[in-house]
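The values are calculated or read from the model by the stated rules, or taken from the named source; none is laboratory data. The model shown is predicted, which means the values in this text are computed figures rather than measured ones. FYI the Cβ positions are ideal-geometry reconstructions off the backbone, even for glycines, and counts take in every protein chain you see. Surface areas here come from the heavy atoms of the whole protein model, side chains and all, with no ligands, DNA or RNA. Shrake-Rupley method; radii C 1.70, N 1.55, O 1.52, S 1.80 Å.
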Amino acid sequence: VARRLASLAPERITRMMLAGAGLSAQNPTLLEVQSAVNALQDPVDRTFVREFQYGTVSKPVPAEFMERVIADSLTLDAATWKAVFAGMATYTPAETEITMPVLILAGDRDAVFPLAEQREVAEKMPCARLKILEGIGHAPQWEDPHRFAAELLAFITPS
């Protein structure tokens, strides 16, 4: 959504930060997840949601936080899960059209978008800077929130 907005209305965005970004949701990992999502029925299976959410992290996160994330995810019905993944699958890359400064935070242990895919996103954007976070998976905002916030603040604070 952010990348599409940045390409369609660049005057509305001065800077953009992406975390765990790939060019397409058509990679093997997401196609496998989408297949599982397409098989979901209501009520959505708690085991699926738990495995999905824990599958995004590489570093341990507080159990009470993950239980809240899982509970929030279980408020979505199967149709919503399917619509979200179908929407991601239709994304048309627009990275070359994005001209504002972009910070890409990439976890070197991201199981959703491997580092090579995140590097490719950065290479396609003329003003992107890639910051690789060691030991981090797909959710740096959960796995290392202090570093995530520090990187974001450093990026958006005028020099």
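Test L18 against the stated conditions and say whether it is exposed (fewer than 12 other Cβ atoms within 10 Å of the Cβ), closer than 28 Å to M125 by Cβ and hydrophobic (A, V, I, L, M, F, W, C).
Working: exposed (fewer than 12 other Cβ atoms within 10 Å of the Cβ): no; closer than 28 Å to M125 by Cβ: yes; hydrophobic (A, V, I, L, M, F, W, C): yes.
Here the answer is no, as L18 does not meet what is asked.
Being without any contact (Cβ under 8 Å) to a residue 24 or more places away in the chain and within 24 Å of W142 (Cα to Cα) is true for just one of E67, E117. Which residue is that?
Working: E117 fails: without any contact (Cβ under 8 Å) to a residue 24 or more places away in the chain.
The match here is E67.
Among the residues that make up the stretch 106-117, is at least one of them over 29 Å from L40 (Cα atoms) and among the small types (G, A, S)?
yes
Take the stretch 21-33 and flag every residue that is open to solvent by 30 Å² or more (accessible area, probe 1.4 Å) and assigned to a helix (DSSP H, G or I). So that I can check it myself, show each step before the final result.
Step one: of the stretch 21-33, the residues open to solvent by 30 Å² or more (accessible area, probe 1.4 Å) are 24, 26, 28-29, 31-33.
Correct list: P28, T29, L31, E32, V33.
For the stretch 129-159, what are the residues that are farther than 20 Å from I13 by Cα and part of a loop (DSSP other than H, G, I, E, B)?
E134, G135, I136, G137, H138, A139, D144 - these are the residues of the stretch 129-159 that are farther than 20 Å from I13 by Cα and part of a loop (DSSP other than H, G, I, E, B).
Among the residues of the stretch 1-15, what is the count of those that are part of a loop (DSSP other than H, G, I, E, B) and open to solvent by 80 Å² or more (accessible area, probe 1.4 Å)? Show your work before the answer.
Applying the first criterion (part of a loop (DSSP other than H, G, I, E, B)) to the stretch 1-15 yields 1, 9, 13-15.
When the remaining residues are screened for being open to solvent by 80 Å² or more (accessible area, probe 1.4 Å), the result is 1, 14-15.
Selection size over the stretch 1-15: 3.
Every residue in the stretch 71-116 that is more than 25 Å from L130 (Cα to Cα) and among the polar types (S, T, N, Q), please. Write out each step before concluding.
First, the residues of the stretch 71-116 that are more than 25 Å from L130 (Cα to Cα): 71-87.
Correct list: S73, T75, T80.
So which residues in the stretch 41-59 are under 18 Å from the mean Cα position of the chain (by Cα) and without any contact (Cβ under 8 Å) to a residue 40 or more places away in the chain? Before you say what the answer is, go through the steps one by one.
Within the stretch 41-59, the first condition is being under 18 Å from the mean Cα position of the chain (by Cα), and the residues that meet it are 49-59.
Once the filter is applied, which keeps residues that are under 18 Å from the mean Cα position of the chain (by Cα) and without any contact (Cβ under 8 Å) to a residue 40 or more places away in the chain, the stretch 41-59 yields V49, R50, E51, F52, Q53, Y54.
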